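What follows is a single structure, written as structure tokens, with notes after it.
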Amino acid sequence: MAHKVAPSILAADFSNLQSACNIINHSKADWYHIDVMDGVFVPNISFGLPVIKAIKPHANKPFDVHLMIVEPDRYIKDFKSVGADVLTVHYEACNHLHRTIHAIKEEGMQAGVALNPHTPINFLKDVIQDIDLVCMMSVNPGFGGQSFIEKTYGKVEELKELILKTNTNTLIEIDGGVSSSNAEKLIEKGADVLVAGSFVFKSENPVETINRLASISH
């Protein structure tokens, strides 16, 4: 299966999100990656439901919404209503993860679970068969533009082993510090979805940068 590229609009120009939509629409990107931060679970505030609703009419690709918030269960129906296709919650923010995963699926979305860099892979062994996507944080969540954590490669391999052992179709998504310098190795280790923010939107030609990430093979 070819890998997917999901540019993160967290790194886009917030004064012109329609331009960011045009970049993603006209590139080989597969998804929009949308980071929602509440200033409680992570030390930053990004944007929420009204912004997602506003950009939806300008987007022609699925929305991969990553909730970095406390009590995500309260908002599952709301994120479905503004256009989320994949909804990812943090393992560390869910007291009843199994229930949360199934609540997301009941709304017709794919269910993702994100892991912070310090969270062990084996914490997912009892729910891996229920998860459509695991978002592996390769930086500490909260701010864009951080350096990639090298230990991520080993965690990707470990997660891939768990997925193969349990015979599931769970996708592995890498979020944080992804660039052309590590993308090939990540795909080689088992990554299926590459999230790239600053690397794309701070580049001279974002469309070309996305297309380059999409064309990488191992």
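The values are calculated or read from the model by the stated rules, or taken from the named source; none is laboratory data. Owing to the predicted nature of the structure, the values given are computational and were not obtained by experimental measurement. Quick reminder, even Gly has a Cβ in these numbers, built from the backbone with ideal geometry, and neighbours come from all protein chains shown.
Out of everything in segment 18-45 that is assigned to a helix (DSSP H, G or I) and touching a residue at least 40 places away in the same chain (Cβ under 8 Å), what residue ends up being farthest from Val195 (Cα to Cα)?
Initially, segment 18-45 is screened for residues assigned to a helix (DSSP H, G or I), giving 18-25.
Imposing the further condition that a residue be touching a residue at least 40 places away in the same chain (Cβ under 8 Å) reduces the set to 18, 20, 23-24.
Values: Gln18: 19, Ala20: 15, Ile23: 15, Ile24: 12 Å.
Step by step, filter segment 18-45, then rank; the result is Gln18.
Being touching a Leu at 6+ places or on another chain (Cβ under 7 Å), surrounded by fewer than 21 Cβ atoms within 10 Å (Cβ to Cβ) and either assigned to a helix (DSSP H, G or I) or free of Cβ contacts under 8 Å to residues at least 60 places away in the same chain (or both) is true for just one of Asp78, Asp73. Which residue is that?
Being touching a Leu at 6+ places or on another chain (Cβ under 7 Å), surrounded by fewer than 21 Cβ atoms within 10 Å (Cβ to Cβ) and either assigned to a helix (DSSP H, G or I) or free of Cβ contacts under 8 Å to residues at least 60 places away in the same chain (or both) holds for just one of Asp78, Asp73, which is Asp78.
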field: Complete set of residues in segment 139-167 that are surrounded by 14 or more Cβ atoms within 10 Å (Cβ to Cβ), among the polar types (S, T, N, Q) and modelled with pLDDT of 95 or more
entry: Thr152
- prompt: Which ones in segment 46-64 are assigned to a helix (DSSP H, G or I) and either free of Cβ contacts under 8 Å to residues at least 40 places away in the same chain or within 23 Å of Gly142 (Cβ to Cβ) (or both)?
  reply: Leu49, Pro50, Val51, Ile52, Lys53, Ala54, Ile55, Lys56, Pro57
message: Any residue that is in contact with a Gly (Cβ under 9 Å, 6 or more places away or on another chain), of a type in the set (Ser, Thr, Tyr) and within 20 Å of Asp35 (Cβ to Cβ) - is there at least one of those in segment 187-200?
response: yes
- line: For segment 121-166 the number of residues that are under 26 Å from His98 (Cβ atoms), in a helix (DSSP H, G or I) and either of a type in the set (Gly, Ala, Ser) or touching a helix residue (DSSP H, G or I) at 6+ places or on another chain (Cβ under 8 Å) (or both) is 15
Residues located in segment 101-120, provided they are crowded, with 21+ Cβ neighbours inside 10 Å and either assigned to a helix (DSSP H, G or I) or of a type in the set (Val, Ile, Thr) (or both): Ile104, Val113
field: All positions within segment 26-48 that are surrounded by 16 or more Cβ atoms within 10 Å (Cβ to Cβ) and of a type in the set (A, V, I, L, M)
entry: Ala29, Ile34, Val36, Met37, Val42
